[in-house]
Ligand SMILES: Cc1ncc(COP(=O)(O)O)c(C=O)c1O
């Protein structure tokens, strides 16, 4: 996901690593068509999730259709039997790009002059200004619900068919393939975390953190895309909002999971459900700080089954090897897992 701004598609495409540079397309296609052991069945484009709007798909499919026309002309009338338009449709409750980059603002040139100027006001006024500014930086507005999968399909197919027909490519019998990922399962995942402690400060301005037993490193896929996960205190879902706090994880990193979360009064032991964590979260989870990753439970109606067991500390260290030259420091211990755990 590149930007929540409406940046031009052609610009975004330049910095996206996937695909074949256009200058090679004609020659590569000619060679593939001529190769006796290759049956070139079709064309594929995948731009990834760029923008939730329909205009993106209208633009991408128009250009892809035009390109297909240029290639078919260059390939002496070769006709595609399959056309694949890739993935990138957002999930219905799309959380991506909702988290404002607060630390980037505070730590970079953007915020520095403002903060330096505010310091001139003296400590009291400076902290009062910060107290107003920091929540502003973590405030957010959930985007309107993205268009439905039917709308993406209709827009994409209309634009593609129009351009293909203009290029005299017959669409009759051509198999259209799509590769939606997150739009199908993004909303299906719920990440559960238990509250370990609540920390509050009153000076230099009031602030609160809810420390959980998870980490943003288990949610890395969303973190890269500035996801702001909707959250519910699962055992207090019907209680009114009573506090604003940063939901944070327990690694040594800043580990900000949801900034400025609005929660009922929480206490250690409460369970926070982070919604929309079904796409790219589990597969991108890492063992930063040697934290074992949680189990995955598949739920359907009233059935629940563990489909991936929780990691153990032994799992985390299983691949570690102590080089023989270090054995003399380890006394009688030669099992690297045991050594690591004991140290
Ligand atoms: C080639 C290809 N198709 C489909 C997808 C799925 O993308 P998304 O989950 O954004 O729909 C990906 C993900 O990167 C991909 O690389």
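A few notes on this one:
- Each residue, residue 93 and residue 253, gets one label point 7 Å from its Cα in the Cβ direction; the gap between the two is 2.4 nm.
- Counting only alpha carbon atoms, the long axis of helix 149-166 and the longest principal axis of the chain meet at about 30°.
- Seen against the Cα atoms of the chain and their longest principal axis, helix 22-34 is set at about 60 degrees.
- Packing order of peptides 297-306, 119-128, 252-261, highest average first: 252-261, 119-128, 297-306 (average count of other Cβ atoms within 10 Å over each peptide's residues).
- Residues residue 66 and residue 295, FRET efficiency given R0 of 30 Å [Cβ-Cβ distance, rounded to 0.05]: 0.05
- The ranking of 288, 217, 329 by Cβ neighbour count inside 10 Å, starting from the fewest, reads 329, 288, 217.
- In terms of other Cβ atoms within 10 Å, 205, 24 run from fewest to most in the order 24, 205.
- Modelled FRET efficiency - R0 45 Å, residue 244 with residue 158, Cβ distances, 0.05 increments: 0.50
- Gyration tensor over alpha-carbon atoms, the chain, equivalent ellipsoid semi-axes in Å: 44, 30, 22
- Multiplying the residue separation of residue 304 and residue 118 by 0.36 nm and removing their Cα-Cα distance gives an extension gain of 61.6 nm.
- Degrees, to the nearest 10: 54-74 long Cα axis against longest axis of the chain: 40
- Fewest neighbouring Cβ atoms within 10 Å first, the residues 25, 263 line up as 25, 263.
- Judged by the mean number of other Cβ atoms found within 10 Å, the most tightly packed of the peptides 265-274, 13-22 leads the ranking 265-274, 13-22.
- Antiparallel DSSP beta bridges within the chain, percent to nearest 5: 70
- The range 283-315 and the range 9-30: distance between their alpha carbon centers, rounded to Å: 38
- FRET E, pair residue 58, residue 311, Förster distance 45 Å, beta-carbon r, rounded to 0.05: 0.50
- Intensity falloff of the range 169-313 expressed as log10 I(q)/I(0), Debye formula with alpha-carbon point scatterers, at q = 0.12, 0.14, 0.15 Å⁻¹: -0.55, -0.71, -0.80
- Sequence ranges 277-285, 146-154, ranked by mean other-Cβ count within 10 angstrom, highest first: 277-285, 146-154
- Potential lengthening between residue 175 and residue 10 on full extension [0.36 nm per residue; Cα-Cα distance subtracted]: 56.7 nm
- The slack between residue 81 and residue 166, meaning 0.36 nm per residue of separation minus the straight C-alpha distance, is 28.9 nm.
- Distance between modelled label sites at residue 287 and residue 271, nm, 7 Å Cα→Cβ extension: 2.7
Only the coordinates and a few stated rules stand behind these numbers; no lab work does. Since the model is a prediction, treat every value here as computed from it, not as a measurement. Cβ coordinates were reconstructed from backbone atoms using ideal geometry, including for glycine residues, and neighbour counts include every protein chain displayed.
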